[in-house]
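A short reminder: the numbers here are calculations on the coordinates, not readings from a lab. Computed from a predicted model, the values in this text were never measured in an experiment. Cβ coordinates were reconstructed from backbone atoms using ideal geometry, including for glycine residues, and neighbour counts include every protein chain displayed.
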Amino acid sequence: MVKEQIIIGEREHLLLEKHLKTSNMSKHNNEKLANEIKNAKVVKVEDIPAKAIILNSIVEIEETVSGKKFNFQVVMPNEANMKENKISIFTPMGVALIGYLEDSFVEWEMPSGVQKFKITKVEQAPHK
C-alpha cells in the first residue's frame, strides 16, 4: 500500500510534534504519527492546498465499512465542543486527519479498534 505524504503548515507541524512527545497514544498510532511527521511536507500557511485538513478545517469523512458519515471542524482543545461538531486536533480523529487531502483514505486506531475512513469533503473555515 502506498503511503500518502501529509501536507501541513508550520503550526500544525509543531503541534503534532509536541503531541507525539507528550501523549499516551497506542503504539500503532504513535508509530504512524511519528512516520507521518518525519515524511510530512511542511509548508508556509499560504502554500497549504485548499483541500488539505489543517487546524480549523471543516471536514466530512465516511467510515468505509458502514458508510456512516461524520461532519466536524478540527480545532484547538479549548474550542472543542461536540454539540457544535468541533473536535480537538489532539483527539484520535483529529490527529489522524491533519495533513490529509480530500479523497484520501486514512487508517487509524480508535478506541473501538483500527478503522478506515475516506475524506469526502474539506473546507477551510473563514478567518475570524
| task | Filter the trypsin sites (Lys or Arg not before Pro) in the stretch 23-63 to those in DSSP coil with at most 13 other Cβ atoms within 10 Å of their Cβ, and list the result. | result | Lys44
| For the residue pair Leu20 and Ala125, what label-to-label distance in nm results when each label sits 7 Å from Cα along the Cα-to-beta-carbon direction? | 2.5
| request: Just check the stretch 39-83 against the gyration tensor rule for me: Cα atoms, a ≥ b ≥ c as the square roots of the eigenvalues, rounded for a/c under 1.5, and otherwise prolate or oblate depending on whether a/b exceeds b/c. | output: oblate
| request: Determine the shape class of the chain: with a ≥ b ≥ c the square roots of the Cα gyration tensor eigenvalues, call it rounded for a/c under 1.5, and otherwise prolate if a/b is greater than b/c, oblate otherwise. | output: rounded
| query | In terms of modelled amide H atoms, which long-range or inter-chain residues lie less than 5 Å from the amide H of Lys86? | reply | Gln73, Asn81
| request: Rank the residues Thr22, Thr120 as a footprinting-exposure proxy: fewest other Cβ atoms within 10 Å of their Cβ go first. | output: Thr22, Thr120
